[in-house]
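**Q** Please see the structure below; I have some questions.
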Amino acid sequence: MNAIITGATKGIGKAIALKFASENINLVVCARSQEGLDALAAEIKEMNPRVSVQTKTCDVSIPQEVKDFGTFCLSSFDKIDILINNAGYFLPGDIHKEEEGLLEKMLNTNLMSAYHLSRCIVPQLQKQKEGLIINISSVAGLQAYSQGGSYSISKFALTGFSKNLRGELKDDGIKVSTVYPGATYSDSWKGSGVEEGRIMEANDIAESIFALTKLSKQAVVEDIILRPQLGDL
Ligand SMILES: NC(=O)c1ccc[n+]([C@@H]2O[C@H](COP(=O)([O-])OP(=O)(O)OC[C@H]3O[C@@H](n4cnc5c(N)ncnc54)[C@H](OP(=O)(O)O)[C@@H]3O)[C@@H](O)[C@H]2O)c1
């Protein structure tokens, strides 16, 4: 199988990349840092030399870079089995107080990235008459919460994007799943004072996502909500 993952050098994206590579799924991945991509490719090569990993730097908040990355993906694989729109970032804020322009930045990175990349890749999936698109939303895309601000708005929008795409593509044999993780330990949590064992591991999300790739073609998991055992923070 062949998979595309955005934002694959850290956190949840990296955990998915390592899980997929350990299961012999070939990868095309992006992030902004070439150093991060080289380190990931070296780690995967060491772990499983049989799997191929192709990397390209891309800032997913810039539509032209996303389109160039999409073209790179299409030229890298004859067949694309899985697209994971994972890259995203979080800044806490209150809508009425957060800095001017934050909403636009959040929408560009957390929503428009998935919109533009999916539009590049969907025609290939339609030709194949199969494929799986997984959009990493958040519990912040399901409910309002304190300091959710523009992040929560962008994740609600991504949820809407994902659900509409699911409806559009179901007759083409293409599955679309939305994943809503709660707090998951990643770089964004380092230095936050939150104890690592209180929240989920990135690998918890990766394991759940891998399970989606094992279903029959007539079954789709539309939504996965994952939360820390002790609940949201
Ligand atoms: N961690 C959580 O608690 C949590 C909870 C719910 C949902 N999520 C969602 O899960 C996804 C991953 O979060 P995470 O916590 O794993 O993040 P993370 O640890 O901060 O890692 C983010 C990854 O995305 C890349 N990235 C960030 N901005 C990018 C951009 N503009 N263009 C391209 N790549 C970019 C980063 O590499 P570079 O810096 O090199 O670009 C890195 O590989 C996000 O969509 C996030 O909203 C996370």
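The values are calculated or read from the model by the stated rules, or taken from the named source; none is laboratory data. Remember, predicted model here, so these are calculated numbers, not experimental data. Quick reminder, even Gly has a Cβ in these numbers, built from the backbone with ideal geometry, and neighbours come from all protein chains shown. Areas reflect the complete protein model, heavy atoms only, side chains present, ligands, DNA and RNA absent. Shrake-Rupley method; radii C 1.70, N 1.55, O 1.52, S 1.80 Å.
**Q** Would you be so kind as to identify which of L91, I44, I153 lies farthest towards the positive end of the dipole of the chain, taking Lys and Arg as +1 and Asp and Glu as -1 on Cβ and the Cα centre as origin?
**A** I44
**Q** Around I133, which amide H atoms from residues at least 5 apart in sequence, or from another chain, sit under 5 Å from its own amide H, with H modelled in the peptide plane?
**A** Under 5 Å from the amide H of I133: L83, K175, V176, S177.
**Q** Leaving out ligands, DNA and RNA, what percent of the accessible area of the chain is carbon and sulfur, probe 1.4 Å?
**A** 50 percent
**Q** Let me ask another. Mind scanning K97/K155; K129/K170; K10/K129; K175/K214; K127/K217; K190/K214 and naming the pairs with a C-alpha gap bigger than 21 Å?
**A** Flagged as over cut-off: K10/K129; K190/K214.
**Q** Still on this structure: Per the chain: cysteines with no other Cys C-beta under 4.7 angstrom?
**A** Singleton cysteines: C73, C120.
**Q** When the Cα atoms of segment 103-233 are enclosed in a convex hull and the volume is divided per residue, what value in Å³ results?
**A** Given the Cα convex hull of segment 103-233, per-residue volume reads 113 Å³.
**Q** List, largest first, the extents of the alpha carbons of segment 2-226 along their principal axes, each in whole Å.
**A** If we take the Cα atoms of segment 2-226, the spans are 48, 40, 33 Å.
**Q** May I ask you to give the solvent-accessible area per residue for segment 2-226, in square angstrom, as obtained with a 1.4 angstrom probe?
**A** Spelled out: the 1.4 Å probe surface of segment 2-226, per residue, equals 48 Å².
**Q** Check which residues have an amide H placed less than 5 Å from L233's amide H, if you skip close sequence neighbours.
**A** Correct list: A183.
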